[in-house]
Every structure is written in structure tokens, then in C-alpha cells.
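Scroll down for the structure; my scribbles are underneath it.
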Amino acid sequence: MISMKIPFSPPHIKQEAIDEVVDTLQSGWITTGPKTKLFEQRITDYCGAKKTLCVNSATFGLEICLRWFGVGAGDEVIIPAYTYTATANTVAHTGAKIVMVDVNMNDFNLNLEEVKKAITPKTKVIIPVDIAGLPVDTNELISYLERDEIRSQFSASTENQEKLGRVLVLSDAAHSIGARLFGERIGKFADITVFSFHAVKTLQPPKEVL
Ligand SMILES: Cc1ncc(COP(=O)(O)O)c(C=O)c1O
């Protein structure tokens, strides 16, 4: 038998990163301090988004958004059938029903025609997932959700749902920071976009933003 050791995502940590960590540990801030705010600002600028909020993981980011929107028992959330468990778990935690739709054969992203068929008056959120950094066309999805006949099916049960007045598009972009849609970086197309900075996620922004 041949045994092989294949390292799983060996971290690439430069001295600059180590220095930043030491600097933070010596700064008196160990949670949401000035470096977190700086990071949020840089992500906002990088994506051309309105605002960024850092939390501990993409999993928590998805769940906090579902809870902020008031998703719970009796509601439905549409997700792709092919994704990481976190996309579904966070919906399950809220008590809402997970509605899985099929994916495309070319990019493994959720199929927008299947999404349209799965929308019911109980649908509160759609979570498109950008598999392997290939973004879903959330512009097309939002345009569809804004059509009068689709909007009128939406029944708001919280203040935030009332304000939006339609199904929320919460992009699970855990795989895709830096990806582009119509030549522009994602992060501003969906209603909310959630990124992951877990060690296995590809992250190589251009030098000017580092
Ligand atoms: C599609 C998808 N969504 C969410 C997550 C969760 O990311 P995190 O580990 O930052 O919670 C992952 C992680 O692998 C993922 O692949």
C-alpha cells in the first residue's frame, strides 16, 4: 500500500501578517477594534458596496441576515441543491423550510428558471451560491422579483420585509470574493453578499488593495 500525505490548504503566512497580529495583540483591542473597521472599509471600497459588516464566519453572516430579515417557521428559503452545508444549516436554524432547486450543468449554480417555479407566497429569501467563484446573475433575479406580479405575491411579516417589499436576495459568495459580474466586482449586486475568509477560500486581491 502506498500512503501519501496531501496537505489540506497549508497556510501561506507572510512576516507582514505575523507583524500585524502581534501589533493587534499589543494594541489593547482584541475584538472589534480599529483594524476590523479598516478591513470593513477596504472591503466596501474593493467591492463598491454601500457598507460592510465583519462577523466571525460566512455561516454566521448568512444566519444573522436571515434573522435580521425575520425569517422563521412557516417561511420558505430557496437554495441550490449543490452547495456547502452552511447554506442549508443556517436556514434550518431559523425554523424555515429549505426549498432546494436544481443547478445548471455548466457552472453548478442555481438555475434561475427553476427558482422562478419554486417561488411561493411563503418565500422570504433566495440564497444563490457562486460555486467556485462563478457569480450568479443576481441582477436578473432581482429584476424578476421586482416585477409587479411577483412582488404582489410577497407577504411581509416584519418591518424589514415591509421595507424591502419583495423576496430578499442573500448571496452566498463564500467562494467568490473578487469575482466579477458584467466587469464589476460582486458585493453590490445582491441585496446582501456574504464572503468567507476561511483558510481554504481563494483570496488574492491585487496589490493596490493590500
Ligand atoms: C458555499 C459556502 N457557503 C458558506 C460557507 C461557510 O463559510 P465559513 O467557513 O466562513 O463559515 C462555505 C465554506 O466552505 C461554503 O463553501
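The values are calculated or read from the model by the stated rules, or taken from the named source; none is laboratory data. On a predicted model such as this, the values are computed, not experimentally measured, just so you know. Don't worry about glycine lacking a Cβ; one is built from the backbone with ideal geometry, like all the others, and counts go over all protein chains shown. What goes into the accessible areas is simple: the full protein's heavy atoms, side chains included, and nothing from ligands, DNA or RNA. Shrake-Rupley method; radii C 1.70, N 1.55, O 1.52, S 1.80 Å.
Observations on the structure shown:
- Just one of the listed residues (THR36, THR31) is at pLDDT below 95, assigned to a helix (DSSP H, G or I) and of a type in the set (S, T, N, Q), namely THR36.
- First in region 85-101 and farther than 14 Å from LYS124 by Cβ and of a type in the set (Asp, Glu), second anywhere and assigned to a loop (DSSP other than H, G, I, E, B) and at pLDDT below 95, Cβ under 7 Å, 6 or more apart: none
- Residues in region 54-78 that are open to solvent by 60 Å² or more (accessible area, probe 1.4 Å) and more than 10 Å from the ligand (Cβ to nearest atom): ILE64, ARG67, TRP68, ALA73.
- Condition met for PHE182 (away from the ligand (no atom under 16 Å from the Cβ), at positive phi and under 19 Å from the mean Cα position of the chain (by Cα)): yes
- Among (1) more than 14 Å from THR90 (Cα to Cα); (2) among the charged types (D, E, K, R); (3) open to solvent by 100 Å² or more (accessible area, probe 1.4 Å) - the single one GLU40 does not satisfy: (3)
- Qualifying residue in region 16-29 (condition: open to solvent by less than 90 Å² (accessible area, probe 1.4 Å), within 22 Å of ALA179 (Cα to Cα) and not basic (Lys, Arg)): no
- Evaluation of ALA81 against (1) open to solvent by 20 Å² or more (accessible area, probe 1.4 Å); (2) more than 13 Å from the ligand (Cβ to nearest atom); (3) within 19 Å of ALA174 (Cβ to Cβ) (one fails), failing number: (2)
- Pairs where the first residue, in region 50-61, is over 20 Å from ARG185 (Cβ atoms) and the second is near the ligand (Cβ under 8 Å from one of its atoms) and open to solvent by 90 Å² or more (accessible area, probe 1.4 Å), C-beta under 6 Å, 6+ apart: none
- Of the helices (runs of 4 or more DSSP H) entirely within region 121-210, those holding at least 2 residues that are open to solvent by less than 20 Å² (accessible area, probe 1.4 Å) and modelled with pLDDT of 95 or more occupy 138-145.
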